[in-house]
Structures are given as structure tokens and as C-alpha cells.
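Beneath this line is the structure, given in C-alpha cells, with notes to follow.
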Amino acid sequence: MTRAWFLPVLLLLCGTVVAAGLASSGSPGAAASALLLFVLFAGVNSPLVFPRSMGAPEARRRSTVDGRPIVFWRPGCTYCLRLRIRLGRNAHQLHWVDIWRDPAGAAAVRAVNDGNETVPTVMVAGRPHVNPDPAWVRDQLPSSRDR
């Protein structure tokens, strides 16, 4: 759990130091802007921008029932963030598994990636797809296939 928050906390601390330095040198506007920028970067790199994660066994069970893909991800991953942002509102239709919080999820990712924890790994109908195009993932949603 602490691994997931290390980068956001570090960004907030750095932002505070930079803002304090700018404020003490007489630039309160620049200090506020710098702090806002660091807070934004911290938020984007935190687990908060992702839908609520679940365990891999629960995600598999739900995926079997509703046919929705499973996304294995980890906080701080640029490619995971890209997938999340590009999916937009559709992101909540997938089952998300944070491999840093779920050892079974990490093991599932390693099993299909030659022992590496390469994310995002998207499981569609039991088949793994490593770092797929977000448009392709969107097309795999049950509502997209019904069109």
C-alpha cells in the first residue's frame, strides 16, 4: 500500500518545498502556481484516478459472469494512466486489479508476461493483451460488441 502512495507523497513534498522557496523570495503567485502543478501531478499519479480495485479472483468471477475485461495495473504506471484517461467514463465498466495490492493479480500478470509485471495487462475472455490500444479495449466492452 505504501508503494502506491510513495510518488504522490514525494511530489507533494517537493511541491511544498518549491512553493515555500518561491513564496519566501517574494513570488506568492508563482508559489501558488507551482504548488497547484505539483498537486495535479500527485493526483494523476495516485490510485485515486482509477476505479476501485478488487482482487484477481473476484475480478475473474465477475468477468466470467458479465464478460467485461479485467485490467491489471499499478499506480505510477504511465501506460496504465494513458489507458485510464483514454477510456474516460467507460473505465468503470472494466474490472481493475492493482497488482501492488493483490499478490494473486501480480502472479497472474507474471504468468502471462514471462515472469515480468508488465502492465497494463488486459484479460479479455481469458486471453491476455499487454498494453493494448485504449480504443481496442473500449471495443471489447459488452455494450460495444452489441452494436
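The values are calculated or read from the model by the stated rules, or taken from the named source; none is laboratory data. Note that the structure is a prediction, hence the values are computed from the model and not measured. Every residue, glycine among them, receives a Cβ derived from its backbone with ideal geometry; neighbour counts consider all protein chains shown.
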Selected residue (only one of 24, 63 is touching a His at 6+ places or on another chain (Cβ under 6 Å) and either among the hydroxyl-bearing types (Ser, Thr, Tyr) or more than 29 Å from residue 115 (Cα to Cα) (or both)): 63
Qualifying residue in segment 22-40 (condition: surrounded by 15 or more Cβ atoms within 10 Å (Cβ to Cβ), at pLDDT below 95, over 20 Å from residue 133 (Cβ atoms) and under 13 Å from the mean Cα position of the chain (by Cα)): no
Segment 3-23 residues that are in the same structural domain as residue 38 (by TED's automatic domain parsing), paired with ones that are at pLDDT 90 or above and surrounded by fewer than 17 Cβ atoms within 10 Å (Cβ to Cβ) (beta carbon under 7 Å, 6 or more apart): 12/39; 15/39; 22/30
Residue 46 vs. criteria among the small types (Gly, Ala, Ser) and free of Cβ contacts under 8 Å to residues at least 12 places away in the same chain: no
Strands (runs of 3 or more DSSP E) contained in segment 42-147 and holding at least 1 residues of a type in the set (Val, Ile, Thr) and within 30 Å of residue 14 (Cα to Cα): 95-98
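Residue by residue, here is whether (1) over 15 Å from the mean Cα position of the chain (by Cα); (2) of a type outside the set (Val, Ile, Thr) holds:
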| residue | (1), (2) |
| --- | --- |
| 79 | no, yes |
| 91 | no, yes |
| 94 | no, yes |
| 116 | yes, yes |
| 120 | no, yes |
| 124 | yes, no |
| 129 | yes, yes |
Of all residues making up segment 85-117, the number that are surrounded by 19 or more Cβ atoms within 10 Å (Cβ to Cβ) and either of a type in the set (Val, Ile, Thr) or free of Cβ contacts under 8 Å to residues at least 40 places away in the same chain (or both): 4
Subset of segment 94-140 (residues that are out of contact with any strand residue (DSSP E or B) (no Cβ under 8 Å at 6 or more places or on another chain) and either charged (D, E, K, R) or not assigned by TED's automatic domain parsing to the domain that holds residue 72 (or both)): 101, 102, 110, 114, 117, 127, 133, 138, 139
Segment 10-21, subset surrounded by 14 or more Cβ atoms within 10 Å (Cβ to Cβ) and among the β-branched types (Val, Ile, Thr), residue farthest from residue 101 (Cα to Cα): 18
